[in-house]
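Report on the following structure.
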Amino acid sequence: MKAEPGRRLAAVWFADIVGFTGLSSRDEDAALRMVDTFQAITRRVVGQMGGTVVKFLGDGGLAVFPSADGAVRAGLAVQREFQARTAESGSAAFLRVGIHLGEVVATPDGDVYGDGVNTAARIQDEAAPGQVVVSADVWRQIRQRSGYRFDALGERALQGLEEPVRLYAVDGTPEAIGSDESPSPVPRRRTGRTRPIALTGVAALGLAAIGWWLSARGDMSNPTTAQAASTIAVLPFTDMSPGGGQEYFGDGMTEELINALTKLEGIGVVSRTSAFAYKGQNLDVREIGRRLDVGNVLEGSIRVAGDRLRVTARLVEVENGRDLWSESYDREMKDVFVIQEEIARSIVSALEPELASAGIVLVASGTENPEAYQLYLQGRYFWNQRTRESLARATELFEAAIRADTTYALAYTGMADVYSMLRGRGFMSVTETAEKQRAAAQKAIELDPGLSEAHTSLAQLLFEYDWDWDAAGREFQRALELDTRNANARHWYSHYLTAMGRTRESLEQSERAIEVSPYDDILREHLGWHYAMARDYERALEAQLRALEMNPTGRTHAFLAFAYQALGRNAEALAACEKAMATFGEDALAMGFVGYVLGRLDHRRDALDLARDLELRGDQTYYAVALIHVALGDRNRALAWLERAYASHSPGLVYLSADPRLDDLRSDPRFVSLMDRMRL
């Protein structure tokens, strides 16, 4: 009969070699020698300290101890000796060690598993190179013992655990370790002014199992390249609420922090689109920071239970994994804006103290009604998914937020943005959306004349639908007067300037938008569009390739296809079209660009299929249909569709004077007449 597993309390110990993946890819023999050194030291020291090595997992090791003291002394001693031995060989390396005191289940073959094992593995992943990190349970066992020094790291939200775990980095004297030699230094948390930072909301970065833990780790040895300026990446906050269902709230808090920090010059903030690309990915925050090319990362979690809200957040330095700041907040839901303001100010204080004293309100509440705020966040959550179904749901939620607080200006801007998106994506007609967008934007301005976002929405409508060039220009300028760092306002103003034929100013505004939000792939993508409208196809291609690196989308591939085709690189243009068609879904703008390129490349059937699909969408797509017929060489049909676009105020028609795809029509008297009627 099979023996029943035994349960016991143990100090669980995890260690692994920092940078092993990179070393093994460069010099496999050296990597194997390093593993041999690590395993030999671990077997000997763990045994000396009364522990048992359970198993080695590549460059990592798992051990259990009957006492917390023995586990910590073993961690410090193995770290010290491993660093010294590898330094002697000419390639100094560090370990990361995590220790937790918890229940484990022992199997007959000597393996162990259970919550204690999983928690220790997740703690190990929180350690910086050269650190031994322990849970509060371990700290309580050894805190009174002489020879130890502790650095409180604050509470960390570890995926799979209902409550955050308070962690400590521990260092020790030679006596504590049981050695005559000095221990290797343990990196300690910085205080005061620091190097550039990157905020990231929070990703679920724990370990689900030991196997995943081994495979998920990347090379942590190379420092970030973001050395010049304070940079922030805010990842979505993890929902730790009982039963879940509060993901929208974590996403909303992330967006609020991104928006708050974007207001400050001197801090570069990774865009929502780029940061949210890592949502739910099992990657170490340091790896995410390196991929986003930032200096620091903010991660955290939210836990909503009734009217209670718990928020944990920590600011991590990407280069070495050290915490610059961490805090937990346990408040009522009505205090959410206060919490967000405190988090934002703490981050700014850690990076640029002089900005923190500027007296700027970073997070404006907009409403005192917690229900309205939660409905608004849910609306933004669905709005950001940008599908036909999600936008319909966003409409319902913004309407509910307005019913909960009829004076909530941001909820009205949400409504305006929904109608703009429904039209821009080709999901609803101009006639169905324009006046609803206008009413929502005007109501938001009535409630809060100083709301830059509301003026931006109204300006966009005056530009794209009313063709009231003077009024649109005034509204765009007003939006930027109210908030000079409103990147979206600059983005749309640059489109307006393109339509007005003010090409140089348009490019300046597009580039200034990127200066405000340098990590926004959508802004980079549209910078490429502006260069294409200016007929600078080499720079258009460069901008699109950069946007593609940041976040590949169907629209980026579509713009890229146009740049390649304009440069005569037809094979690459066709390949980009194929990628766009596989990913652009129902995006009418992307479909129009791809249809045009396919027409130019003589793929008539595919181009006509896209034109027919667009025809079925309604008046908001007539301009795109016309462009496809231009590419197919059917001038009469193209002009007929442009006339239909004129009659319905199809949005793209505002670019008549700038769009190079229309150059074949410019000498036609019918086109000249259309330009005159548009007052372009």
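The values are calculated or read from the model by the stated rules, or taken from the named source; none is laboratory data. Since the structure is predicted, the reported quantities are computational estimates derived from the model, not experimental observations. Cβ: placed from backbone, ideal geometry, glycine included. Neighbour counts: every protein chain shown. Only protein heavy atoms, including side chains, enter the accessible area calculation; ligands, DNA and RNA are left aside. Shrake-Rupley method; radii C 1.70, N 1.55, O 1.52, S 1.80 Å.
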ILE522 accessible area, assembled protein chains, probe 1.4 Å, Å²: 50
Straight-distance crosslink candidates among lysines, where the alpha carbon sits under 30 Å from LYS55 and sequence neighbours closer than 8 are dropped: LYS2
Proportion of all alpha-carbon pairs of the stretch 20-165 beyond 20 Å (%): 49
Inter-label distance, nm, simple model (7 Å from Cα along the C-beta direction), LEU545/GLU511: 1.9
Convex hull (Cα only) mean projected area of the chain, reported in nm² to one decimal: 33.7
With at most 13 neighbouring Cβ atoms within 10 Å, loop GluC sites (Glu not before Pro) (DSSP) excluded, longest segment of the chain: 369-680
Of all accessible heavy-atom area on the chain, the percent that carbon and sulfur account for (1.4 Å): 47
Using alpha-carbon coordinates, inclination of helix 409-424 to the longest axis of the chain, degrees: 60
³J(HN,Hα), Karplus 6.51/-1.76/1.60, whole Hz, each residue of the stretch 438-443, x for Gly, Pro: 4, 4, 5, 5, 5, 5
Angle in degrees between helix 28-48 and the longest Cα principal axis of the chain, rounded to the nearest 10: 40
Separation of the ALA305 and ASP335 label points, Cα + 7 Å toward Cβ, nm: 1.6
Accessible area in square angstrom per residue, the stretch 562-624, 1.4 angstrom probe: 44
Residue-normalised accessible area of the stretch 31-114, expressed per residue, 1.4 Å probe, Å²: 37
The stretch 478-540: mean projected area of Cα convex hull, nm²: 3.8
Alpha carbon Rg of the stretch 443-502, scaled by the compact-globule rule 2.2 N^0.38 Å: 1.02
For the stretch 565-615: rounded, prolate or oblate by the Cα gyration tensor [a/c cutoff 1.5]: oblate
For the stretch 467-595: rounded, prolate or oblate by the Cα gyration tensor [a/c cutoff 1.5]: prolate
Diffusion constant of the stretch 383-431 at 37 °C, which comes from Stokes-Einstein with the Kirkwood Cα-pair radius and 0.692 mPa s, µm²/s: 302
Mean residue ellipticity (222 nm) of the chain, computed from DSSP H runs ≥ 4 via -39,500 (n - 2.57), nearest 500: -16500 deg cm²/dmol
5 angstrom amide H check on VAL234, placed H, neighbours 5+ away: LEU199, GLY201, VAL270
Cα Rg, Dmax, the stretch 272-356, angstrom units: 14.0, 39
Kirkwood Rh, Cα atoms: Rg over Rh of the stretch 40-117: 0.99
The chain: angle of helix 68-88 to the longest principal axis, Cα-based, in degrees nearest 10: 70
17 Å tail of the calculated P(r), the stretch 418-524, as % of Cα pairs: 53
Cα gyration tensor shape for the stretch 547-635, rounded if a/c is under 1.5, else prolate or oblate: oblate
